[in-house]
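The values are calculated or read from the model by the stated rules, or taken from the named source; none is laboratory data. Keep in mind that this is a model prediction, so the values were computed, not measured. Cβ: placed from backbone, ideal geometry, glycine included. Neighbour counts: every protein chain shown. Calculation scope for accessible area: heavy atoms of the full protein, side chains included, ligands and nucleic acids excluded. Shrake-Rupley method; radii C 1.70, N 1.55, O 1.52, S 1.80 Å.
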Amino acid sequence: MSDKDNKPRHRAVPSGRLSRLSGFGRLAGGIAGGMLAEGSRRLASGEMPKMSDMIMTPGNAMRLADRLSHLRGAAMKLGQMISMDAGDMLPPELSNILAGLRDNANFMPARQLDKVLIAEWGPEWRKQFRRFEPRPIAAASIGQVHRAVTRDDRTLAIKVQYPGIRDSIDADVDNVATLLRMSGMLPKELDFDPLLKAAKEQLHEEADYHREGEQLQRFAALLADRPEFVVPTIDKELTRERVLAMSFEPGVPIESLETETQEIRDRVSAQVIELVGRELFEFGVMQTDPNFANYRYQPETGRIVLLDFGATRDVSLQIASSYRSLLTAGLSGDGDAVREESIKAGFVNPLAVERHRERIDSMIDVILAEMTQPDVFDFGDRAFVSVLRDEGMAIAADKSSWHLPPAETLFIQRKVSGTALLGARLKAKVDVRGIVSDILAANAELAE
């Protein structure tokens, strides 16, 4: 995909049921055509093509990224989740293409934007502002963000939801699931319905801007004693069902810190890791979307700006307890306990342990070697990842042992994995063991 193709552009959001269904039909047709072309190419070169090789091609990934960028909504959100959750499991070229979904969403044409704002604020909405920048400063899966200056000179960030997004969530999730099932990549024995139900619930919550405003205020209160974090202030008078108005907080992309000093990269990564630990074991609530765009950094103050609280979810005591038991076993270096706690928490299928005990134990040994080392953890050293990937792929080849952890666990694990990816991006060196130990000790009474 060229730089030109990567650049966000005006594209109207398909808001009707038929127009979105048609978009999925074109996506399925394009992928099928790409599969035929790849299969023919491999046969001509004397290879016997596998289904997965024909589906997971750069061409099909480009088709997927382009179509999901056009559809936006739940369809694009699921594509973002795939690109984040797959991490090091996808081939680099495919990962890079899908990563474009996180950074280069298309945005609404001016006429479509105006129509949404008239519906929410009335036909004379512009009179509320000295300036409203028509080109968004950010565009994502559910909405886009504009900078505006009010009549009393307050600079705001205005998040505007794409039209038809809330009404399309259930159908979008079902359509993406159908495409995955048609690909043959998902075993028929695996029941994805609970995960799809949870995904729909979370996406409906993310599309509820009044709820997001409440969660934003909730985190502002929880972090009132932590000046290293900045949480925007909601503007309740301008917030509507499809418009979320909040203070504009300046900052640079957090991944731009990769060119900063090691000290800054280490400090910022440690603060983000500590925040995740506090969310899990102290706050009882977690912002579960680890997209890098949800963090900004203020070079002048050294503070981290936290954005987008739509994916905020309560953490049950049971899940927090499962993570506590698993981490305690890991910090003690007890491989047998880690295996047992992983099964209890629903991370690992007992059948997988029965059929692939040696490989699973090998993965646990690698993880424990990293967790128990006395020095700081070097996120830039990814040597162990290839070992985990190879063992994991070998186990995954046995589809009969596939297993879906509880949906709540998956959302939390997504945040944990995304935080690790940020550390890797910044090549940070952090005393993770010390941070985790301190948080567990500080919140020990909550576990009783």
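Averaged per residue, what accessible area in Å² does region 257-323 show with a 1.4 Å probe, protein chains only?
Roughly 38 Å² per residue, with all protein chains present.
Between region 111-154 and region 373-422, the C-alpha centres lie 40 angstrom from each other. Taking 27 Å as the limit for the C-alpha separation, the pairs 115/236; 344/399; 197/344; 197/427; 115/197 exceed it in the case of 197/427; 115/197. Residues whose amide H lies under 5 Å from that of residue 162, counting only those 5 or more places away or on a different chain, are 143, 144; hydrogens are built 1.01 Å from N in the peptide plane. By its C-alpha gyration tensor, with a ≥ b ≥ c as the square roots of the eigenvalues, how is region 184-338 shaped: rounded for a/c under 1.5, else prolate for a/b larger than b/c, else oblate? Verdict is oblate for region 184-338. To the nearest 20 debye, what charge dipole does region 191-252 have about its Cα centre, counting +1 at the Cβ of each Lys and Arg and -1 at the Cβ of each Asp and Glu? With Lys and Arg at +1 and Asp and Glu at -1, about 120 debye. In the context of the full set of protein chains, residues of region 345-416 present 52 Å² of accessible surface per residue (probe radius 1.4 Å, heavy atoms only). Dipole orientation for region 118-184: of the candidates 164, 122, 142, 122 has the Cα lying most toward the positive pole (charges on Cβ; Lys, Arg +1; Asp, Glu -1).
If only the Cβ of Lys and Arg carry +1 and only the Cβ of Asp and Glu carry -1, the dipole of region 242-353 around its Cα centre is close to 300 debye. Amide H contacts under 5 Å for residue 130: 149, 150, 151, restricted to partners 5 or more places along the chain or on a different chain, H placed in the peptide plane at 1.01 Å from N.
Computed on protein heavy atoms with a 1.4 Å probe, the accessible areas place 147, 278, 130 in the order 130, 147, 278, largest first.
Mind running the shape call on region 364-448? Use the C-alpha gyration tensor, a ≥ b ≥ c as the square roots of the eigenvalues: rounded below 1.5 for a/c, prolate if a/b tops b/c, oblate otherwise. Here region 364-448 falls in the oblate category. Which of rounded, prolate or oblate describes region 311-384 when judged by the alpha-carbon gyration tensor and an a/c cut-off of 1.5? Oblate, because a/c is 1.5 or more while a/b does not exceed b/c. The order of the peptides 339-347, 385-393 by mean Cβ neighbours within 10 Å, most packed first, is 339-347, 385-393.
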